[in-house]
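Enquirer: Below you'll find the structure I mean.
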């Protein structure tokens, strides 16, 4: 190995979508384990920087500029200045392909997506089919299809654990208490998080189910807190008000990472927050509908999937002509799953 190879940079591009960004961390960990001396630069959009910048297997985080031709010219010059020996594009957008191509790396791996394939020297198929049916794989598996071209150890099925710093944990605890969450419930592990997510019909567990679940939890001596993110506040507020439970304060991604572990478990739909809870090692109960858990569930034994697997699922549609029967999962079923992940505490 030459002196240059010993300090060689690898560029990895995964711009957005929280679950996919978190999945990419396991790919990076596997790459670093294979060649610890290689330096890794990760390109993610600005909202995710504080979530990943302190991970030991990432040497540099390079968020692209929001806008401006001059800023982009300067940014691409920085990418080129890394003199990366290899680059992998886990995202597959026009923007990510441009960044990958601008790296000038001698090995550039990406997925076979329309004209973007021209940005790469190594192309992987974006789907896998058998007997006319698509074989589902999660984002970690797809990422490893590209990582094998630059060298990587075997990846695990779960993204690496993430832990917020002491200051973020202290602030999150104070803000949760300020919103009305009981310190006693947090200390006794009797607090359950609820994540209704965005009101997309084919992925939404109904608000009435969340309300009924929160009331049942209160009857059993537990408390509930409703988490929410951008464009989700109205639904979260309605559930909290109808159920008489606490609505979490507005939280950044790092604050959410710090706040989630105060819960004994999280009941959630398929969403970015579900994946963040897995990385925080908070047990999850996830109701899947139009999406396939074989593709979008990255969890371990403490993470339960509830999926009816109807003949029309997964459809990946945003609306359903049949009234979304795939999301008609009963409250008793969710409570039973909660008992399993909480060790009978629900």
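Any read-out appearing in this document is the output of simple, stated calculations on the displayed coordinates, not a laboratory observation. Here the structure is a predicted model, which is why all the values come from computation and not from measurement. Note: ideal-geometry Cβ built from the backbone for every residue, glycine included; neighbour counts use all protein chains shown.
Enquirer: If R0 is 30 Å, what FRET efficiency do you get for residue 312 and residue 93 from their C-beta distance, rounded to 0.05? Mind showing how you got there, number by number?
Expert: On the way: r = 29 Å, r/R0 = 0.96.
According to the calculation, E is roughly 0.55.
Enquirer: Still on this structure, please answer the following. How much length, in nm to one decimal, is gained on full extension between residue 170 and residue 339, taken as 0.36 nm per residue of separation minus their Cα-Cα distance?
Expert: Working: separation 169, 0.36 × 169 = 60.84 nm, distance 2.86 nm.
Extending this stretch completely gives an extra 58.0 nm.
Enquirer: In percent, how large is the relative contact order of the range 3-147, given Cα pairs closer than 8 Å and 6 or more residues apart?
Expert: Details: 239 pairs, mean separation 34.4, N = 145.
Averaging sequence separation for qualifying contacts and normalising by length gives 24 percent for the range 3-147.
Enquirer: I need 171, 310, 51 ordered by Cβ neighbour count within 10 Å, fewest first. List each step's numbers first, then the result.
Expert: Details: 171 17, 310 14, 51 23.
Ordered from fewest to most neighbouring Cβ atoms within 10 Å, 171, 310, 51 come out as 310, 171, 51.
Enquirer: Counting alpha carbon pairs within less than 8 Å and at least 6 residues apart, what relative contact order, in whole percent, applies to the range 254-346? Intermediate values should be presented prior to the final figure.
Expert: Details: 128 pairs, mean separation 24.5, N = 93.
Across the range 254-346, relative contact order equals 26 percent.
Enquirer: What's the angle, to the nearest 10 degrees (0 to 90), between helix 207-219's Cα axis and the longest principal axis of the chain?
Expert: Approximately 60 degrees, to the nearest 10.
Enquirer: So how tilted is helix 331-341 from the main axis of the chain? Cα-based, degrees 0 to 90, rounded to 10.
Expert: 60
Enquirer: Any chance you could run the full-extension gain for residue 154 through residue 218? It's 0.36 nm times the residue separation minus the Cα-Cα distance, nm to one decimal. Display every interim value, and only then the final one.
Expert: Numbers: separation 64, 0.36 × 64 = 23.04 nm, distance 4.34 nm.
Between residue 154 and residue 218, full extension yields an extra 18.7 nm.
Enquirer: Further question: Report, to the nearest 10°, how far helix 18-34 tilts away from the longest principal axis of the Cα atoms in the chain, using its own Cα long axis and a range of 0 to 90°.
Expert: 50
Enquirer: Compute the semi-axes of the equivalent ellipsoid of the chain, taking the square root of 5 times each eigenvalue of the Cα gyration tensor, and list them largest first in whole Å.
Expert: On the way: eigenvalues 281, 108, 63 Å².
The three semi-axes for the chain are 37, 23, 18 Å.
Enquirer: Now, a different point. Suppose a student asked you for the relative contact order of the chain, using Cα pairs under 8 Å spaced at least 6 residues apart; what percent would you report? Provide the component values of the computation, followed by the final result.
Expert: Values: 658 pairs, mean separation 55.1, N = 346.
Normalised by residue count, the contact order of the chain is 16 percent.
Enquirer: Please express the shape of the range 3-147 as an equivalent ellipsoid: the semi-axes are the square roots of 5 times the eigenvalues of the C-alpha gyration tensor, given largest first in whole angstrom.
Expert: Details: eigenvalues 105, 64, 51 Å².
Equivalent ellipsoid of the range 3-147: 23, 18, 16 Å, largest first.
Enquirer: Starting from the eigenvalues of the Cα gyration tensor, five times each then square-rooted, give me the equivalent ellipsoid semi-axes of the range 152-311, largest first, whole Å. Intermediate results must be reported in sequence, preceding the final value.
Expert: Working: eigenvalues 108, 86, 39 Å².
Whole-Å semi-axes of the equivalent ellipsoid: 23, 21, 14.
Enquirer: Rank the residues 303, 131 as a footprinting-exposure proxy: fewest other Cβ atoms within 10 Å of their Cβ go first.
Expert: 131, 303
Enquirer: Then there is this: Mind ordering 56-63, 240-247, 9-16 by average Cβ neighbours within 10 Å, highest first?
Expert: Numbers: 56-63: 15.2, 240-247: 18.4, 9-16: 23.6.
Order by mean packing, descending: 9-16, 240-247, 56-63.
Enquirer: While we're looking at this one, here's another question. So for 39, 274, 231, 153, fewest C-beta neighbours within 10 Å to most, what's the order? Walk me through the intermediate numbers first.
Expert: On the way: 39 17, 274 27, 231 10, 153 14.
Lowest to highest Cβ neighbour count: 231, 153, 39, 274.
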